[in-house]
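The values are calculated or read from the model by the stated rules, or taken from the named source; none is laboratory data. Keep in mind the model is a prediction, meaning the values are calculated, not measured. Cβ coordinates were reconstructed from backbone atoms using ideal geometry, including for glycine residues, and neighbour counts include every protein chain displayed.
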Amino acid sequence: METAAGPSGSSSCKDDFLLSDPTIPLILASNSFTESPLTQGKLTPFIWDKVPILIPEIESISDPKDNIDLDQFQPVLVDSSRYGILVNAKAALGQIPREKYRSIREQANPFEKIGRSIFMNRAGVKLVNLDAVFGLTGHSGGLLAQQTAKEFTFADIAGAPGAFSQYLLYRNPEAYGYAISLKTRSPSLRWKTDLLDLSRLNITYGEDDTGDLYTNADWFANWVRKTAPSGVDLVTADGGFEVKNRRKQEILSFRLIMVEVLTALQILKSGPSEETSGRLVLKLFDTVTLLTGELIFLLTLAFKEINIIKPITSRPANAEKYLVARGIRRERANEIVLFLRELNSIYQSGRIVTQLVNPESIPECFFQYLRAINQQALNNQLIAIRNIGNVVKGIKLEIPIYNLPKSLIIWNVPGNEEVRRRYNVNRPIDTPNTGYRATIAGSAYPAQRDISEPLSQRSPRSPRLTHSQPPTIM
């Protein structure tokens, strides 16, 4: 396997780290009956094994949301002038009325109409996308076997309304999951229990019945370990919240991401290889400050490899991207858990952390990796925002045409129109099917059966996606 740096941390850095989703070249539309040959390549993970000294720097602050001094958190891991342009451009987008913006976005984003397959929202297809790239579930079917039944456990952290869980329960009829998310009055952020198989998904709101990971991270980890003492195969952490000041999003999201990592490291299964140990899917936003960079670096110590990717199912004008980590190093992870637990208690006392690791102890190779990822993300967002601006101005866009239904075929899930025809075109996909009763925290709720029954025949294993060079960025 190609690596950015070997186990000793002594080999030279690579400069070809890629953020783009390898699905892209596979679905580029062709005006011919002959498919163009694919350019072979692969994602280049970052791997490191030198242990730095963890030195947190702490600052007392009364209300982090209102009083964060952004001068302490400069965008040093990206071209700062272009980052300033991006922040201002996003502020301008916020002036477009929401309904009008949705219409414009559909015209400017070539991947907007991929759809949601059979899942409750687009988030489900994001995990489908990531699974196809990284083999998160170990699914080995083809067009005639879209489900793989085997023992598989997962934890869905901050994942309400539940599209990630819905996908995992669909993909593997024997999967069992544990879930926690913030209890809220917002209908869009509540668990859609009528669309989830609650006989295989155990949802909790924690010891204090809030679902807040800030106060329930350790409790949730202990709760999972009681029934899954060896840990789970996959942890997904998809938390986030809206902020008015985009420049503050990264810093305000830091604690949430930190406690998601704290939780995940405690419950992931250990194993002798990357294929048998647990895996983490972690949503990130901007990663341009040293503070976020230092947290990501801790993950390179806790896992044998990490990848950061922007799947095509994630809208191109936003900062969202995903970190996928494999091969947990249990002893190192346990040390980092103690450190992150201390940090969470610091935040709980009303203070914030401004540094995790002495930057001098982090290899330049890592900063090179993260800067390359950040620069690609920044350039791609600027291109997407420019396209939106051109739609507003009535300028015809020149963007590639993609065979979007083919993406769902490659990812091995039902297509959108196919599902509507097969399962009654007059019934909305998110209308629940009833058929059994299940429990959530001791109470009975109706739950939905998977709308796609397992198929008996199986085709040979679907080919794994490979990574090719991304489109040229102007």
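Residue count for region 297-348, restricted to those that are more than 20 Å from LYS269 (Cβ to Cβ), surrounded by fewer than 17 Cβ atoms within 10 Å (Cβ to Cβ) and acidic (Asp, Glu): 1. Selection of region 279-297 for residues being under 10 Å from the mean Cα position of the chain (by Cα) and among the basic types (Lys, Arg) yields only LYS283. If the condition is being surrounded by fewer than 20 Cβ atoms within 10 Å (Cβ to Cβ) and assigned to a strand (DSSP E or B), then region 349-370 contributes ARG351, THR354, GLN355. Remark: pairs (first residue in region 194-223, touching a residue at least 24 places away in the same chain (Cβ under 8 Å); second residue in a loop (DSSP other than H, G, I, E, B) and among the basic types (Lys, Arg); Cβ separation under 9 Å; 6+ apart in sequence or on different chains) = ASP197/ARG449; TYR205/LYS183; GLY206/LYS183; ASP209/LYS183; THR210/LYS183; GLY211/LYS183; ASP212/LYS183. Taken together, the residues in region 192-217 that are buried (at least 24 other Cβ atoms within 10 Å of the Cβ) and either acidic (Asp, Glu) or closer than 22 Å to GLU242 by Cα (or both) amount to 2. The condition (being of a type in the set (Asp, Glu), at pLDDT 95 or above and within 13 Å of LEU268 (Cα to Cα)) is satisfied by just one residue among ASP238, ASP208, ASP233: ASP233.
Tally up the residues in region 167-209 that are aliphatic (A, V, I, L, M) and either over 22 Å from HIS139 (Cβ atoms) or assigned to a loop (DSSP other than H, G, I, E, B) (or both), please.
Here the count works out to 6.
When the test is whether a residue is in contact (Cβ under 8 Å) with a residue 12 or more places away in the chain, crowded, with 19+ Cβ neighbours inside 10 Å, within 30 Å of THR227 (Cβ to Cβ) and in contact with a helix residue (DSSP H, G or I) (Cβ under 8 Å, 6 or more places away or on another chain), ARG246 does not pass it.
Looking only at region 91-140, residues that are over 15 Å from the mean Cα position of the chain (by Cα) and not in a loop (DSSP other than H, G, I, E, B) come to 17 in all.
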